[in-house]
Amino acid sequence: MIKGFKEFILRGNVIDLAVAVVIGAAFTAIVNALVDNLINPLIALIFQADSLGDVGFFVTGLTGNEVFFGWGAIVGALINFLGVAAVVYFVFVYPMNRVKERAAARAGASGPDDEPQLPTEQELLVQIRDLLEKSGPAARA
């Protein structure tokens with residue numbers, strides 16, 4: 001039981017996952033600081049609000065009480081998501097793809113365009129039909 005646990009912990013993908021979680025937590029703090037201290041204040045200036053949570057409208061209910069619909073918080077969450085996605089793409093994904101492309105070009109590896117194209121199922125069925133027609137009815141019996 002302990003041996004199995006030790007093998008599980010020492011696997012490469014578990015360690016990679018742990019590193020990813022730690023880096024992700026640190027990166028989240030950077031992105032949140034950027035969004036909270038730069039993007040949210042710019043949007044708050046446009047809507048003349050102290051924070052995005054203050055952007056919205058009040059609706060009076062049937063009993064006379066007012067309910068606040070804060071759509072600014074939703075906009076803030078969307079902007080936060082788009083900011084995180086953009087930073088992750090442009091800082092991590094795009095550069096890593098470029099590095100992989102350059103490494104593949106240096107190694108002379110063939111790309112997906114160099115692989116031979118196999119016929120589709122429909123093309124194979126057409127070929128089988130044509131061969132059966134050429135062989136005649138005597139061969140089919």
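The set of residues in the range 16-53 that are among the polar types (S, T, N, Q), surrounded by 11 or more Cβ atoms within 10 Å (Cβ to Cβ) and either on the phi > 0 side of the Ramachandran plot or within 28 Å of the chain's Cα centre (by Cα) (or both) comprises THR28, ASN32, ASN40.
Filtering the range 79-95 to residues that are under 12 Å from the mean Cα position of the chain (by Cα) and within 18 Å of GLY53 (Cβ to Cβ) leaves only PHE81. Within the range 101-122, the set of residues being at pLDDT 85 or above and surrounded by 10 or more Cβ atoms within 10 Å (Cβ to Cβ) comprises GLU101, ARG102, ALA103, ALA104, ALA105. Test of understanding: among GLN117, GLN127, which residue is assigned to a loop (DSSP other than H, G, I, E, B), out of contact with any helix residue (DSSP H, G or I) (no Cβ under 9 Å at 6 or more places or on another chain) and farther than 29 Å from LEU38 by Cβ? That would be GLN117, the only listed residue that is assigned to a loop (DSSP other than H, G, I, E, B), out of contact with any helix residue (DSSP H, G or I) (no Cβ under 9 Å at 6 or more places or on another chain) and farther than 29 Å from LEU38 by Cβ.
Conditions tested, residue by residue: (1) more than 19 Å from GLY24 (Cα to Cα); (2) surrounded by fewer than 11 Cβ atoms within 10 Å (Cβ to Cβ).
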| position | (1), (2) |
| --- | --- |
| VAL55 | yes, no |
| VAL59 | yes, yes |
| ILE74 | yes, no |
| PHE81 | no, no |
| VAL88 | no, no |
| PRO95 | no, no |
| VAL99 | yes, yes |
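Residues that are of a type in the set (Ser, Thr, Tyr) and out of contact with any helix residue (DSSP H, G or I) (no Cβ under 8 Å at 6 or more places or on another chain) within the range 27-77 comprise THR60, THR63, listed in sequence order.
Evaluation of PHE8 against the conditions (1) at pLDDT 80 or above; (2) out of contact with any Ser or Thr (no Cβ under 7 Å at 6 or more places or on another chain) shows that the sole unmet condition is (1).
Given the criterion touching a residue at least 12 places away in the same chain (Cβ under 8 Å) and more than 19 Å from LEU34 (Cβ to Cβ), identify the matching residue among PHE69, PHE58.
PHE69
The values are calculated or read from the model by the stated rules, or taken from the named source; none is laboratory data. In this text, all values refer to a predicted model and were calculated from it rather than measured experimentally. Glycine gets a Cβ as well: all are built from the backbone with ideal geometry, and neighbour counts include every protein chain shown.
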